[in-house]
Every structure is written in structure tokens, then in C-alpha cells.
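The block underneath contains the structure these notes are about, expressed in C-alpha cells.
The values are calculated or read from the model by the stated rules, or taken from the named source; none is laboratory data. What you see is a predicted model, and the numbers here were worked out from it, not measured in a lab. Quick reminder, even Gly has a Cβ in these numbers, built from the backbone with ideal geometry, and neighbours come from all protein chains shown. Side chains included, ligands, DNA and RNA excluded: accessible areas come from the protein's heavy atoms. Shrake-Rupley method; radii C 1.70, N 1.55, O 1.52, S 1.80 Å.
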Amino acid sequence: MQTALRTSLSETEFASRASFAPHARVVREERPMQISGLPLSIRGLRKSFGDNEVLRGIDLHIPAGQFVAIVGKSGCGKSTLLRLIAGLDKIDAGSISFGGDVQPEDIRVMFQEPRLLPWARVLANVEVGLGRDRASKDAHARAEKALTEVGLADKRDQWPSVLSGGQKQRVALGRALVSRPRVLAFDEPLGALDALTRISMQRLLERVWRDQGFTAILVTHDVAEAVALADRVLVIEEGRIAHDVTINVARPRQRGSAELAGLEGSILSHLLSADDRT
Amino acid sequence: MSLIDSIPLPRSLRLPRVDGLVQWIVPLAIIAIWQVASVTGFVPVRVLPAPSDVALAGWKLLLSGELVRNIWVSFWRASIGFLIGGSIGFAFGLANGLSQLSAKLTDTTLQMVRNVPHLALIPLVILWFGIDESAKLFLVALGVFFPIYLNTLHGIRTVDPQLIEMGRIYGMTDGELFRRVIFPGALPSIFVGIRFALGIMWLTLIVAETIAASSGLGYMAMQAREFMLIDVVVLSILIYALLGKLADSASRVLERLTLSWHPAFQKR
Ligand SMILES: Nc1ncnc2c1ncn2[C@@H]1O[C@H](COP(=O)(O)OP(=O)(O)OP(=O)(O)O)[C@@H](O)[C@H]1O
Ligand SMILES: [Mg+2]
């Protein structure tokens, strides 16, 4: 029901841009988080490990609030790029800027493994995500809110070991969301989940992204997932961005629609032709 | 304690409680068979006195206050030695697990010392300290040091690096990282060290007290041997066994309390 409500809101927003300006303002006030994302500019980014030149000059601009998916064959440097964006590794050359001051809490990463503390209850695990605000008075309340957002409010007092894989990943998402990040980077967060859980997690990702308006960067090996979720799909080959495909399909998107299937096919053929060349 | 625990309430007759009862069946059966064998003369009293005789000897020593005094002395030596050796081992384990420099500086030396059986030092220790308390404390502390050191070190080194990275990403300070990630992650291994150390603690103490002491359970057993009081000798051995079991149970309780998150302790 919530999704339906949100859909109609965004449709109103679309329509209102042309005709009813006052209405549009009302909508924006209801969704103040819409502008919370940060833009991201990457110039001439290079990274090597020893002799292995992984990234050989990445140039990229991501507007605030865009949902970008990154695909490419295994070992092409997707995770490396993500880790550089998140500030986890040192840049060899080039620059990454977020158009202004960023706090550590503004940028969050979610990995393929949930990386929950097994000795902390679910709620305490989410509180970890608050960063320096962990000690603040409203820490509990904020963590509970984030847990509700990912639909796990009833598991707050459980140990992580009793949760299913999908639930653990949702806790990890709650932990990433609790500090209201402005850039959220995902490194194959759904890679280890079964097909059904995966689809419901994709819906959840899309929903929180639309609610909160952060800039999303999703690394995935599933091209169907990339075209279903992203505004734009980047294909990395030989350390550079080889293709930059805009997905101009209105949301909510119909999984398996001909339009998405066509886009998926063309991106896959890019990937495969690169594979044939090597 | 376990016996009280195991009195089953009708509705809580679940596996763990039954287990609590089951573990005592074999020891009790052995005592019963032993009693029968002694009473029937199958086992001569000069080889092994009947359990009832041992209990009687225990009762007499209890009344004279000698038993309590000796148990107390041994208990005190064991705990103080354990605390000293355990704390030092824990401290070195932490330091060497957290700091490369500290590990480079001390680990090789410690590994070399570890290869000397600490009981081989008894003659030297007697020369150094005579037979007073410090000799026993030194030996117990030395024996306890290594299992705690090694397991603390191992625990800290094997904390999931992905969790440590996660902690750093989420802005934990070094102190927080230690408190929330590294220490809890190392705890299961530290407990393994504690359990090992408890065994070594009793072993060291028995040997040290039988060789060089003027009080304590080991001394009581040696005295009794000189006067051919075989019932007291057997009593001392049984008390050692009980104390060992008690220490082990205490560490298990502690383990269960602190590791309740661990899947292995979630049998509820
Ligand atoms: N810390 C590191 N030290 C040395 N080499 C590394 C390191 N991290 C990554 N690499 C190398 O960099 C290359 C790119 O790795 P990366 O993990 O970014 O690939 P990926 O695109 O994420 O692959 P996958 O889809 O399999 O996850 C690989 O050849 C890998 O061996
Ligand atoms: Mg990767």
C-alpha cells in the first residue's frame, strides 16, 4: 500500500511540473529528503596493485540523487572503484569530489556479506551505523526507525545468528541507512541471496532510495538487476568506463518488460563482446 | 550445585537438565561398586580403603579444622597464582595481538620459554624461593601464563578482518573498536585458554605442594603417606578432583553468561 501511495505521489510530481506548481510544492514538503544526495565527480582516477593496473583513468560525473549501477566482468575493478569512492583505499592518481564538505556519516557502504557483529543484538548492530552519534540520546529511537524502514522492527532483540541471510542483509541496510547517508555504495549486496529474497530486497532498495534521495552506486554482476533499479548503467572494461547507458524507463518498472529486456540484452552483448576480444 | 539444578520441575524436563543429572551417574556408580568391593574384601583395605572410610577420615579432619585450613591454603595459592599468571599472559596476548612491534619484540622469546616444561624449574625455584609461598605462586603463575597468552593472542589475531574494517568504516575509535569488535571476537578463544590454564593450575599446584610445602592439600597427602594413612591420601586425591571440577564448572558458567550470542550456547 505504501508503494502505491508513493507511486501516485511521484506521478503527481511529474504532472505538476507542467501544470500545477503549487501542488508540486506541497509534494516536495512532504518529501524533504528528496534532495539529500550528493553529486559525485571523478577525474582521471587510477589505481594499481603492484604491477596490476586495475583502474586506468576513470572519468565520471554522477548528479545528486542518481541511481547508478556498475557492471563488468569479474576482476575488472568494480569493488576497487567502490572502495576508493568510500575512502577505504588510497587513490594513486586523480580525484574524487562530492561537491562540498562531507562528513564520514554521509557516505556508507554495504557489502556482499552483512558484516554484523555476532555478539550484538540486532538493534545494537543498527546503532553502530550512527557513527559518532552513537552516544547521543536519540540513538535508540533512530536505530528503531531505521529497523522499521527495513521491516525488521520485531527482530530488534534477536542475535544475528538466528536471522536468515536476507534478514541479515536487511539489518546491514538499516545500519547503512541510520545515519541518513547522502551517498550509499553497494558492493553486490544481494549476490548471496536466493532469487525471491533478491527481488524483494531490490524493491526495498528502490523504495528507500526513493524515500531518502541519496545518491546510490550499485555494483552488481546481475545485468537484469542493474537495468531494473538504475537510472544509468556503467560498463567497466580494462580499467575504464567503456559504456554509459541511460535507462529511461519510468518507475515503477515492470520486471521482465520488453523494454528492460532489450536494454539488458544490449548491455550483455557489450560485456560478451569484450569477453570475446580477450 | 548441579544436583540442585537438576531437580526437575514437571514441565521443564528438557535435555540440558537431564544432562545435569546424567553426568553424575557414572561417578556415583563407581563409588557404589568400590564400596561393595571393599566391604566384601575383594579390594584389600590396605590397597584402597572403602569410600565410607575415606568419608570418615574426611569428617575427622573436618572437625579438627585441618582439612578446611589445607583446602583454603591450596585454593588461595591456586587463585593468586592464576590471577598473576593469567593477567600477565592476558596482557602480553593483548599487546602482541594488537601491536606488531610488541609481537616482534617479545613473541620469539616467549615461544622459547614456552618450550621449557615449567615443572622442570622446580629445583631452581626451590633454590630461589625456598619452600615458602612465592615458590608455589611462581610455578602456578608460570604454568598458567602460556595457555592464556597463546589463546588470547590467537583470538585477537583471528578476529574477522571484515568486521574490523566495518568498525573503522563506521567511525569507531581505537578504544571502541577494541571494546565492541576485537575483545568480544577474541573471547571464545580466551575461554579456551582459561580452561586449559585451570587444568595446568591444579597440576602444577599438586606437584609443587607434594615436593616443597609445609601446608596445603598436597602436603597433607604427603604427610599421610609417611604415616601410612591411606584413607587421607585417597581423600586428598578426591578433593583435588572435586576442586578441578568446580573450577571447570565456574568457567563454563562464565562462558555461558558472556557468550550467550554464540550459536553453540543457544540451545534454549
Ligand atoms: N588489496 C588488493 N591487493 C592486490 N590486488 C588486489 C587487491 N584488491 C583487488 N585486487 C586486484 O584488483 C583487481 C580488481 O579487483 P576487484 O575486487 O575490484 O574486482 P571486481 O570487479 O570487484 O570483481 P568481482 O566481480 O569478482 O567482485 C583484481 O585483479 C584483484 O586481484
Ligand atoms: Mg567485487
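Tabulated results
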| quantity | calculated |
| --- | --- |
| Filter result for B:Arg195 (away from chain A (no Cβ under 14 Å), open to solvent by 60 Å² or more (accessible area, probe 1.4 Å), basic (Lys, Arg) and more than 13 Å from the chain's Cα centre (by Cα)) | no |
| Members of region A:197-252 found to be open to solvent by 30 Å² or more (accessible area, probe 1.4 Å) and in contact with a Phe, Trp or Tyr (Cβ under 6 Å, 6 or more places away or on another chain), listed by number | A:Asp231 |
| Evaluation of A:Ile62 against (1) within 16 Å of ligand 2 (Cβ to nearest atom); (2) away from every other protein chain (no Cβ under 14 Å) (one fails), failing number | (1) |
| Residue in region A:50-57 that is more than 30 Å from B:Leu259 (Cα to Cα), within 12 Å of ligand 1 (Cβ to nearest atom) and open to solvent by less than 60 Å² (accessible area, probe 1.4 Å) present | yes |
| Residue count for region A:71-82, restricted to those that are within 10 Å of ligand 2 (Cβ to nearest atom) and either part of a strand (DSSP E or B) or buried (at least 18 other Cβ atoms within 10 Å of the Cβ) (or both) | 8 |
| Count - residues of region B:138-147 that are among the aliphatic types (A, V, I, L, M) and open to solvent by 30 Å² or more (accessible area, probe 1.4 Å) | 1 |
| Selected residue (only one of A:Ser79, A:Ser74 is within 7 Å of ligand 1 (Cβ to nearest atom), touching a residue at least 60 places away in the same chain (Cβ under 8 Å) and more than 14 Å from every other protein chain (Cβ to nearest Cβ)) | A:Ser74 |
| Unique residue being of a type in the set (Lys, Arg), touching a Leu at 6+ places or on another chain (Cβ under 8 Å) and closer than 23 Å to A:Ala146 by Cβ when the list is A:Arg203, A:Arg207, A:Arg170, A:Arg180 | A:Arg170 |
| Tally, over region A:100-124, of residues that are at pLDDT 90 or above and either closer than 24 Å to A:Thr220 by Cα or more than 10 Å from chain B (Cβ to nearest Cβ) (or both) | 13 |
| Selection count, region A:206-226, where residues are more than 13 Å from ligand 1 (Cβ to nearest atom), within 18 Å of A:Leu184 (Cα to Cα), in contact with a Gly (Cβ under 9 Å, 6 or more places away or on another chain) and not in a loop (DSSP other than H, G, I, E, B) | 4 |
| Hits in region B:210-268 - residues which are more than 14 Å from chain A (Cβ to nearest Cβ), polar (S, T, N, Q) and surrounded by fewer than 14 Cβ atoms within 10 Å (Cβ to Cβ) | B:Ser214, B:Ser249 |
